[in-house]
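Step one of this worksheet: look at the structure below.
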Amino acid sequence: MTSSSPSLRKLGGSDLEVFPLSLGGNVFGWTADEATSFEVLDAYVAAGGNFIDTADVYSAWVDGNKGGESETVIGKWLAGRGRRDDVLIATKVSQHPEYQGLSAANIKAAADASLKRLGTDHIDLYYTHYDHTETPVEEIIGALDELVKAGKVRHIAASNISAARLQESLDLSDREGLARYVALQPHYNLVSRDTYEGELQDVAARAGLAAVPYYALASGFLTGKYRAGRRVDSARAEKAGAYGETERGRRVLTALDEIAQAHDAEIATIALAWLAAQPTVAAPIASARVVEQLPALLAVADVELTEAELDRLTAASR
């Protein structure tokens, strides 16, 4: 997929160009029903978005679900809208109840199942969802390379992996001429920086990988709606609210409030803009349960923070 749109960013060393906000598909088939999910997808693409993130396990944690619900919703939307060539689909392997782990056989079977649910012949970006260290990187990369050579996957990526295993995987790909990770999906946001910053970020930077952070808004905390003494009816309320109980969380919200006011922008937009400006980051992931939540996310493409504003947020979030 190519485009001359100035808002698109190159994804690492790949030929993929992505909108600076990846739409999280974890809510599709969970807190967003099919009709609402279609509305969100329509609005995202209408605004220039082209990068949809999902996983085969979404949303197996819901009573009555088996996993694959999000991919199925996206597949129905793709079929109904005829938009396959307008969007890039990223999905993941290793956590689906019926396709656990990263053995070669499991990776190939899970990929076929994802392709069937998505109703497509290729996945643009295929992540190992969680590293399974009992499986040698030779087996994992070998299986992913076969999927690329078969045309079922365009590019490969990793999520929830150690710096050492990531480097080992990259070294193998370079040495053997196999498919190579082009992106990394870390847990990374203004109130959760320790997992990515440091050794993992250093490996990504040296290898030219693009970071596509998940929990970019800290389960909704960085929208500003979860504050001390305020009750929010949400499946994520407990997790998000916990950030507000910390001194760090309160400092970050204070800084976000003031910078958002200066830009006449939503707090969520400023939080995403800080993340999008960090080294290696190509596109933070954020999800919208309803269309009304989308504008604040999409606005990250239009907001540029000053160095002073970036420094203030970085200091507040230490």
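Summary of computed values
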read-out: Of all residues in segment 80-113 being outside any strand (DSSP E or B) and touching a His at 6+ places or on another chain (Cβ under 7 Å), the one that is farthest from H155 (Cα to Cα); value: G101
read-out: Filter pass, A308 being closer than 20 Å to L184 by Cα and surrounded by fewer than 19 Cβ atoms within 10 Å (Cβ to Cβ); value: no
read-out: Pairs, first farther than 19 Å from Y214 by Cα and touching a residue at least 12 places away in the same chain (Cβ under 8 Å) in segment 284-313, second open to solvent by 70 Å² or more (accessible area, probe 1.4 Å) and among the aliphatic types (A, V, I, L, M), C-beta under 8 Å, six or more apart; value: E309/A262
read-out: Complete set of residues in segment 211-224 that are hydrophobic (A, V, I, L, M, F, W, C) and in contact with a helix residue (DSSP H, G or I) (Cβ under 8 Å, 6 or more places away or on another chain); value: A211, A216, L217, A218, F221, L222
read-out: Filter result for V148 (open to solvent by 20 Å² or more (accessible area, probe 1.4 Å), of a type outside the set (D, E), within 23 Å of K10 (Cβ to Cβ) and modelled with pLDDT of 95 or more); value: yes
read-out: Selection status of A216, small (G, A, S), under 22 Å from T306 (Cα atoms) and either assigned to a helix (DSSP H, G or I) or at pLDDT below 95 (or both); value: no
read-out: Residues satisfying the stated conditions in segment 117-145, i.e. open to solvent by 10 Å² or more (accessible area, probe 1.4 Å) and either hydrophobic (A, V, I, L, M, F, W, C) or touching a residue at least 40 places away in the same chain (Cβ under 8 Å) (or both); value: R117, G119, T120, H129
read-out: Residue in segment 49-67 that is of a type in the set (S, T, N, Q), surrounded by fewer than 20 Cβ atoms within 10 Å (Cβ to Cβ), over 23 Å from P213 (Cα atoms) and free of Cβ contacts under 8 Å to residues at least 60 places away in the same chain present; value: yes
read-out: Yes/no for R318 being assigned to a helix (DSSP H, G or I) and within 21 Å of H187 (Cβ to Cβ); value: no
read-out: Top-ranked residue in segment 7-48 [being outside any loop (DSSP other than H, G, I, E, B), of a type outside the set (D, E, K, R) and touching a Ser or Thr at 6+ places or on another chain (Cβ under 6 Å); ranked as surrounded by the most Cβ atoms within 10 Å (Cβ to Cβ)]; value: F28
read-out: Pairs with Cβ under 8 Å, 6+ apart, first in segment 163-190 and free of Cβ contacts under 8 Å to residues at least 12 places away in the same chain, second open to solvent by 60 Å² or more (accessible area, probe 1.4 Å) and basic (K, R); value: D174/R180
read-out: T269, sole failed condition from (1) open to solvent by 30 Å² or more (accessible area, probe 1.4 Å); (2) free of Cβ contacts under 8 Å to residues at least 40 places away in the same chain; (3) touching a His at 6+ places or on another chain (Cβ under 8 Å); value: (1)
read-out: Looking only at segment 182-205, and only at residues there that are β-branched (V, I, T) and outside any helix (DSSP H, G or I), the one that is farthest from A316 (Cα to Cα); value: V182
read-out: Breaking point among (1) open to solvent by 10 Å² or more (accessible area, probe 1.4 Å); (2) in contact with a Ser or Thr (Cβ under 7 Å, 6 or more places away or on another chain); (3) closer than 20 Å to D33 by Cα; (4) not aromatic (F, W, Y), for I74; value: (1)
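The values are calculated or read from the model by the stated rules, or taken from the named source; none is laboratory data. Since the model is a prediction, treat every value here as computed from it, not as a measurement. Quick reminder, even Gly has a Cβ in these numbers, built from the backbone with ideal geometry, and neighbours come from all protein chains shown. The protein model used for the area step is the full one, side chains on, heavy atoms only, and it has no ligands, DNA or RNA in it. Shrake-Rupley method; radii C 1.70, N 1.55, O 1.52, S 1.80 Å.
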